[in-house]
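> The structure under discussion is supplied below as structure tokens; questions concerning it will follow.
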Amino acid sequence: MTVRLPDATGALRAYEPRPEPVAVTPGAPFASRTVFSAAHVVADPYADVSPDSPAAVDWDATLAFRRHLWSHGLGVAEAMDTAQRGMGLDWAGAAELVRRSAAEAKAVGGRIACGVGTDQLTAGSLAEVRAAYEEQLAVVEESGAQAVLMASRALAAAASGPEDYLEVYGHLLRQSAEPVILHWLGPVFDPALEGYWGSSDLDAATATFLEVIAAHPDKVDGIKVSLLDARREIGLRRRLPQGVRCYTGDDFDYPELIAGDEQGFSHALLGIFDPLGPLAAQAVRVLDTGDTAGFRGLLDPTVELSRHLFRAPTRFYKTGVVLLAWLAGHQSHFTMVGGLQSARSLPHLARAYELADGLGLFPDPKLAEERVRNLLSLYGVDQ
């Protein structure tokens, strides 16, 4: 049977769902790339909360999704942007998420890295920003997880120039117990991060970023770059000190960046690998054999879906990610912390379903079809 989906003009058109999912199976850890999926949180749909309330999380479903990612060999990047940090999940909720997920990773042998930020603050002095980072770093290190030093809205507001970033990050790197991942999240993901590293000129910002790394290369495992600019990422990647990895955060150009070129490649830490997890894992295992064309053949067709989910305003990509988790059967509802399920239009959600179904991402296509029909009916779309 066909499903009537609304397009961008509001008109309805017929779509025939795919009858079978793509065939993927869990497998061994990857040999050629380190790959993290940034993971979403599952809201508790029965909690009596408002968008301004602390997040009510369904811990069982949230941890089950992480086990799903680990079963395919992916690492989990926890308590980061995809988990709605600063968009529904506050620091108290993120700290609980870190503790629970790190314990689960230890129990199943999964790799995990957790976000360290300053979201206890809305604003503050440089000393207060540094103290907030220190508090979160301690929680992550005590959990046994690797730390990801995320970009800070409070630091962006408090810093007067590059020297303030050098001082704050230098202090944190000197005291970190193990090498960390530095995260450069561009303003396309969070407008409050405009001018990060002390300049809106990306060349000047890059120079400061590299200065931070060069001063402490033994404390930097790698960098995650989320600027959605493949050429800039490649240029930055080639300037990194020996042994410092580049983890692409480019949800527009990841197949090219992971495949790499004659001068190197990017590892990955991507929000799009939340819905693409099993297929992405299969592609990386193909790449492990040296079959770059086979890798691109599997992953290139997914870019249209990723570009759709991450279209402007990019920060609302989480809505599409959670929609696909619901349609794939990883959770029983389409509800998000902070009420963010309302952040995208019905035509946007319908197109996300169509693209994901066309890729065979839903383990049970009939379930996905039934659920999207239910969603459409809530908006008054008769089938």
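> State, to one decimal in nm², a quarter of the convex hull surface area for the C-alpha atoms of region 263-383, i.e. the direction-averaged projected area.
Computed as one quarter of the Cα hull surface, the answer is 8.5 nm².
> Over the Cα atoms of region 53-145, what radius of gyration and what Dmax do you get, in Å?
Looking at region 53-145, its Cα Rg and Dmax stand at 13.5, 43 Å.
> Given region 332-379 reduced to its alpha-carbon atoms as identical point scatterers, what log10 I(q)/I(0) does the Debye formula return at q = 0.22, 0.24, 0.28, 0.33 Å⁻¹?
Values, matching the q order: -0.88, -1.02, -1.22, -1.29.
> Something else about it: Express in whole angstrom the spacing between the alpha-carbon centres of region 38-58 and region 328-383.
19 Å
> With a 10 Å radius around each residue's Cβ, average the other Cβ atoms per peptide and rank 24-30, 214-220, 100-106, highest first.
100-106, 214-220, 24-30
> Using the alpha-carbon atoms, what tilt in degrees (0 to 90, nearest 10) does helix 365-378 show relative to the longest principal axis of the chain?
90 degrees
> Can you give the Rg to Rh ratio of the chain, both from alpha-carbon atoms, with Rh computed by the Kirkwood formula?
0.96
> What aspartates and glutamates could a cross-link reach from Lys106, if we take a straight Cα to Cα line under 15 Å and drop same-chain neighbours fewer than 8 places away?
Correct list for Lys106: Glu78, Glu141, Glu142.
> With angles folded into 0 to 90 degrees, how steeply does helix 346-359 sit against the dominant principal axis of the chain? Use alpha carbons for both and round to 10.
Between the helix axis and the principal axis of the chain, the angle is about 90 degrees.
> For region 22-35, in order, what is each residue's ³J(HN,Hα) by Karplus, 6.51 cos²θ - 1.76 cosθ + 1.60 with θ = phi - 60°, in whole Hz (x at glycine and Pro)?
5, 7, 9, 9, x, x, 6, x, 7, 9, 9, 9, 9, 10
> Which residue fluctuates most in the GNM of the chain (Cα springs below 10 Å): Gly290, Gly88, Gly144?
Maximum among the listed residues: Gly290.
> Please calculate how many Å² of accessible area region 172-241 carries per residue, with a 1.4 Å probe and no DNA, RNA or ligand atoms counted.
For region 172-241, the solvent-accessible area averages 40 Å² per residue.
> List the aspartates and glutamates whose Cα sits under 17 Å from the Cα of Lys366, skipping any in the same chain fewer than 8 residues away.
Candidates past the 8-residue exclusion: Glu16, Glu20, Glu354, Asp357.
> Over region 293-360, give the accessible area per residue in Å² for a 1.4 Å probe, as an integer.
It amounts to 31 Å² per residue over region 293-360.
> Write out the GluC sites (Glu not before Pro) in region 188-286 meeting two conditions: DSSP loop, and at most 16 other Cβ atoms within 10 Å of their Cβ.
Those satisfying the criteria are Glu194, Glu262.
> Still on this model: Treating only the Cβ atoms of Lys and Arg (+1) and Asp and Glu (-1) as charged, compute the dipole magnitude of the chain about its Cα centre; round to the nearest 20 debye.
Result for the chain is approximately 600 debye, rounded to the nearest 20.
> On to the next question. Among DSSP beta bridges whose residues both lie in the chain, state the antiparallel percentage, nearest 5.
Around 20 percent antiparallel, to the nearest 5.
> Which residue fluctuates most in the GNM of the chain (Cα springs below 10 Å): Gly115, Gly161, Gly75?
Result for the chain, Cα springs under 10 Å: Gly161 fluctuates most.
> So, by mean Cβ neighbours within 10 angstrom, what's the order for 293-300, 281-288 with the highest one leading?
281-288, 293-300
> Which lysines have a Cα less than 20 Å from the Cα of Lys224, not counting those fewer than 8 places away in the same chain?
By straight Cα distance, Lys224 reaches Lys318.
The values are calculated or read from the model by the stated rules, or taken from the named source; none is laboratory data. Small disclaimer: the values here were computed from a predicted structure and weren't measured. In this analysis, Cβ positions are derived from the backbone assuming ideal geometry, glycine residues included, and neighbour counts consider all displayed protein chains. Surface areas here come from the heavy atoms of the whole protein model, side chains and all, with no ligands, DNA or RNA. Shrake-Rupley method; radii C 1.70, N 1.55, O 1.52, S 1.80 Å.
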